[in-house]
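Just below is one structure, and these are the notes that go with it.
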Amino acid sequence: MKEQFILPDSTYLLSHSVGRPLKSAQQHFSDTFFAPWEKGQTEPWQQWLSGVNDFTQQLAKLFNSDAKLFCPQVNLSSALTKLVHAHPRLNKAKCKVLMSEQDFPSMGFALQKSLSEDSEIVFIPASQDVCDANVWQQYLTADIDLVFISQVYSNSGKQAPVADILEAARQRGVLSLVDVAQAAGIIPINLASLQPDFMIGSSVKWLCGGPGAAYIWISEAQLPACEPKDVGWFSHENPFEFDIHHFAYHDSALRFWGGTPSVAPYILAAHSIAWFNDYGVEKVRSHNLAMQQLVIEALGEIVVSPTRAEHRSGTLILNLGAQQSQLVPCLQSAGVSVDERHLGARVSFHLYNDEDDARQLVHALQRLI
C-alpha cells in the first residue's frame, strides 16, 4: 500500500500521532473545496455542505450507524464540553464521572471545567490494568453518572474491554461515552452491537484524514434529551428560517453543530474515511497485528505494552531500561521515526508499513542492545 500514500524518505511509525495522507487527497480537496469556490458562478455553500454531508455518511458506514447521529466537531475537548452542558444528567449538581488516570489529559481538563463545581471525577489509578474488565467492575458503582472509556490508551498501548464495560454500565444505569481517537481506522468498531450512549473521535491518526475533523455521536435513545448551549443557525431545525425570535433544535445530532461551520477539514477527511471503508478496517487491523508480531517475536523482552492480540492497540511500547535514552536517537540514526512517552517509545505500523520497515526497526535495536 506504500504507493497509495505520501510518505517521507524515512520509515514512518507515527500513525498514533498523525496518519500519512493519501496521494489522491489533494486532487479530491481541489475538486470539492477549491473548484466550487474558484469556478462557480454562485456562492459554493451547496457543494461545500454536500462534502460535509459525505463526512457523516462515511462515518456512519465506518461505525455501522446512522449518519443523523453524527455531528462534525472541531476537536474532542470541545465535543465533550458541549455534551456535558447539553445533557441534563451531566450538567446537574453533584454529577459523578468515572475515568482512568491513563486517559488523555485533555479529556480530564474538559470534564473538570465543564462539570458543576460540586461534581466529582473518580479516577481509576494509573497502576490498575485498564485491560481487565474486573478492574472496571470494581469502580463502576451505581452512583456513577457517566463512565468515560478510551477504546485505546495512547501512552500505554492498551485496549480497554469496551463491550464488557458497556454491558456493566447498562446493568447499573450508568451513561457511557467511548473515545475512539486512537482506535478509529485501526480497530473495527460496530456501534450497532456495542450500543454506548455517546462516542467522540477524530480523523487525524489512523484514518489519515488530517486535523480538525472530529465528531460526536449521540445514541438515538439519548439524542432527545440533549439540548446544547453552544448553538448557532446550523443547530436549528431549519437554518434558513431566519426568525431571530424562534429557535428549535435540529432533530439530528446536528443540533451540536453551532454557527457557520468550517468545511475544509471534513471534506478532506471524508475522502480518506471513504478509502478505508472501501479497503476494510479488518484488513488494516490484521496487517497491523502481523507487523507487531514480527517485533514481539524478535524483541519481546523490551515490549512493555500488551502482547495478547485482544489487549493490543495499534501501538507497541518499547522500553530498553537503562538504555532507554539511546532508543529514539538510535532509531532516528537508522531512519526510523518514532516518539516517546513516559512508559517508552511508541511504535505504530499502518498499511504503508511493510516487513522491511519492521526488520529495519528490529535490526537497529538489536545492534543497540
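The values are calculated or read from the model by the stated rules, or taken from the named source; none is laboratory data. Here the structure is a predicted model, which means the values were calculated and not measured. Here the Cβ positions follow ideal geometry from the backbone for every residue, glycine too, while neighbour counts run over all protein chains shown. Note: areas computed on protein heavy atoms with side chains; ligands, DNA, RNA excluded. Shrake-Rupley method; radii C 1.70, N 1.55, O 1.52, S 1.80 Å.
Figures for the structure shown
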| item | result |
| --- | --- |
| In the stretch 311-339, residue farthest from residue 16 (Cα to Cα) [restricted to those that are outside any helix (DSSP H, G or I) and among the β-branched types (Val, Ile, Thr)] | 336 |
| Residue in the stretch 177-187 that is touching a residue at least 12 places away in the same chain (Cβ under 8 Å) and open to solvent by 30 Å² or more (accessible area, probe 1.4 Å) present | no |
| Answer residue from the stretch 188-210, given it is among the polar types (S, T, N, Q) and more than 26 Å from residue 26 (Cα to Cα) and is surrounded by the most Cβ atoms within 10 Å (Cβ to Cβ) among those | 195 |
| Selection from the stretch 310-319 of residues that are modelled with pLDDT of 95 or more and surrounded by fewer than 19 Cβ atoms within 10 Å (Cβ to Cβ) | 311, 319 |
| Hey, residue 344 at pLDDT 95 or above, within 30 Å of residue 367 (Cα to Cα) and buried (at least 17 other Cβ atoms within 10 Å of the Cβ) or not | yes |
| Of all residues in the stretch 57-101 being open to solvent by less than 10 Å² (accessible area, probe 1.4 Å) and of a type in the set (S, T, N, Q), the one that is farthest from residue 232 (Cα to Cα) | 100 |
| Check on residue 231, open to solvent by 10 Å² or more (accessible area, probe 1.4 Å), over 17 Å from the mean Cα position of the chain (by Cα) and farther than 20 Å from residue 60 by Cβ | yes |
| Pairs where the first residue, in the stretch 136-158, is more than 22 Å from residue 343 (Cα to Cα) and free of Cβ contacts under 8 Å to residues at least 60 places away in the same chain and the second is acidic (Asp, Glu) and in a loop (DSSP other than H, G, I, E, B), C-beta under 7 Å, 6+ apart | 148/103 |
| Leading residue by the ranking (nearest to the chain's Cα centre (by Cα)) among those in the stretch 170-200 that are within 26 Å of residue 143 (Cβ to Cβ) and aliphatic (A, V, I, L, M) | 200 |
| Looking only at the stretch 201-217, and only at residues there that are of a type in the set (A, V, I, L, M, F, W, C) and in a strand (DSSP E or B), the one that is farthest from the chain's Cα centre (by Cα) | 217 |
| The stretch 239-249, residues that are at pLDDT 95 or above and open to solvent by less than 40 Å² (accessible area, probe 1.4 Å) | 248 |
| Yes/no for residue 160 being over 12 Å from the mean Cα position of the chain (by Cα), surrounded by fewer than 21 Cβ atoms within 10 Å (Cβ to Cβ) and aliphatic (A, V, I, L, M) | no |
| Checking residue 294 against (1) under 27 Å from residue 350 (Cα atoms); (2) of a type in the set (A, V, I, L, M, F, W, C); (3) under 19 Å from the mean Cα position of the chain (by Cα), the condition it does not meet | (3) |
| Failed item in (1) closer than 25 Å to residue 228 by Cα; (2) open to solvent by 40 Å² or more (accessible area, probe 1.4 Å); (3) not hydrophobic (A, V, I, L, M, F, W, C), with residue 137 passing the rest | (1) |
| Residues within the stretch 133-155 that are farther than 26 Å from residue 91 by Cα and either within 21 Å of the chain's Cα centre (by Cα) or among the hydrophobic types (A, V, I, L, M, F, W, C) (or both), tallied | 6 |
| Which listed residue, of 173, 157, 185, is at positive phi and touching a strand residue (DSSP E or B) at 6+ places or on another chain (Cβ under 6 Å) | 157 |
